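J.: Here it is, the structure in full.
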Amino acid sequence: MYDLLNDFKALLLTADPQITHYFGLNENDSWHPYSVWTEYELDPLIGGGDYTEPKWRVLVERYTKDENDAIVVAIMNLLKSAPGVVFEYSLRRNQELRMLYHAWDCEVISGTL
């Protein structure tokens, strides 16, 4: 069941080698773009008292000030082409910080990623 998350993490690292789990990195209290991923729900199909075909809900987030951020493009392309992954994408902006927030709300199902 957790192997699926490990595979998804490895997949995300190909798009952003600096992506972190749960919290973004903070370098000397200066702002920098960062990506995080967080699993937040497990929706298993239960058969015979066991988890079969688990489906994880995972939020992938990118915080950036660059409207042409190459990491955003890489994550989008990766998730679009990954078998076993479906997602909803949203974009928000913070006018005061001049920051863009990209979010991919993913369902990661069992199978090969």
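The values are calculated or read from the model by the stated rules, or taken from the named source; none is laboratory data. Keep in mind that what you see is a predicted model, and the values were worked out from it rather than measured. No Cβ is skipped: glycine too gets one built from the backbone with ideal geometry, and neighbour counts run over all protein chains shown.
J.: Find the residue count for region 27-66, including only residues that are more than 17 Å from residue 7 (Cα to Cα), at pLDDT 95 or above and of a type in the set (Asp, Glu).
T.: 2
J.: Filtering region 58-77 down to residues that are outside any helix (DSSP H, G or I) and of a type in the set (A, V, I, L, M), which residue is surrounded by the fewest Cβ atoms within 10 Å (Cβ to Cβ)? Walk me through it before giving the result.
T.: Going residue by residue through region 58-77, those that are outside any helix (DSSP H, G or I) are 58-69.
Those left that are additionally of a type in the set (A, V, I, L, M): 58-60.
On the way: 58: 21, 59: 15, 60: 24.
Once the filter is applied, the top-ranked residue is 59.
J.: Only residues in region 88-113 that are within 14 Å of residue 77 (Cα to Cα) and loosely packed, with under 11 Cβ neighbours inside 10 Å count as the first member; pair them with residues that are aromatic (Phe, Trp, Tyr) and modelled with pLDDT of 95 or more, Cβ under 9 angstrom, at least 6 apart or cross-chain, and list the lot.
T.: 88/104
J.: Still on this model: I need the full set of residues from region 78-87 which are in contact (Cβ under 8 Å) with a residue 24 or more places away in the chain and surrounded by fewer than 16 Cβ atoms within 10 Å (Cβ to Cβ), in order please.
T.: 83
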